[in-house]
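Since the structure comes first, as structure tokens, the remarks are kept for the end.
Computed from the coordinates by the stated procedures, all read-outs in this text should not be read as laboratory data. Keep in mind it's a predicted model, so treat the numbers as computed, not measured. In this analysis, Cβ positions are derived from the backbone assuming ideal geometry, glycine residues included, and neighbour counts consider all displayed protein chains.
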Amino acid sequence: MPTPFVHPHSIVRHIWGTSDTILFIFAGAAAEFALNKAVDWLYFTGRLPADPLGRLFSTVGYARRIVFSDEAGAHRAIDSMAHIHAAVEAKRGEQIPDWAYRDVLFLLIDYSIRAFEVLERPLSQDEKEEIFRVFYRVGDRMGVRGLPDNFTDWQRMRHQHLQHDLKYSPYTKDLFRQYRHHLGPLRYFLLREAQVLVVPQRVRELLGFRKFSLIAPLLSTYRISRRFRLDWVLKTLILPPAYREEIRALDEAPSDSRRRTKQTA
């Protein structure tokens, strides 16, 4: 029987097998992508400004494919990402800096933790380290240099990256304009409020976000709606029609990813 890349009972599968959590990861990534000093690489291909939601869903899709594949399948997905990036580098005649690769891995680790804790419960130290180890293996397979060896070192490097690798630029302004154009006013408002909930302080400062999200008081009501399977009524109202089926499919992860004993903080 093939060896899974991520253990079936891993907290990582639980996080990446739930559309609610993934949507908050998506929201945080959308904010931080816009601030990254290497965002011009994504503008170089033209795909990001033309279809920012599709580009971000593509990144999420690759991450999820890796999490739910066996080792061979995960390696194929990772190698495919590396091949795509190498082709872009060849076309531009430059190399994507290692810190830019690390930033993307780091934000996937960070928002996996932040999104789950906003929606569910605090994670234990062991669970956080488990999340780090999974994405460390992804970066290692891609050949990313300078990765931290453990979760403690990751926390230190993540803080440094947030301080030095982000800036508000014309790309930031344009990308948020594209988010608004593709989402419409109401959905754009909800995206911004979700971002306020989940992004680190440094990202909040650079984007001029307030500290309090207007949707925070609604989270308890939303959790109750999930118990009665009413959450998709709400999602149908707020999600872009073009992505509803894609997002619904995010909940179709193997059921064993959800068999996890609840832990207290």
> How do 103-112, 140-149, 189-198 rank on mean C-beta neighbours within 10 Å, highest first?
Replying inline: 103-112, 189-198, 140-149
> Taking region 60-112 as the region of interest, what is the percent of Cα-Cα pairs per 10 angstrom bin, listed from the shortest bin to the one with the maximum distance?
Replying inline: 22, 46, 29, 3
>> Students often check this: by mean Cβ neighbours within 10 Å, which of 68-76, 209-217 ranks highest, and how do the rest follow?
In response: 68-76, 209-217
>> How many angstrom lie between the Cα centre of region 158-181 and the Cα centre of region 187-211?
In response: 12
>> Rg and Dmax in Å for region 1-84, alpha carbons only: what are they?
In response: 14.3, 43
> How big is the equivalent ellipsoid of region 25-162 along its three axes, where each semi-axis is √(5λ) from the Cα gyration tensor, reported in whole Å from largest to smallest?
Replying inline: 23, 17, 16
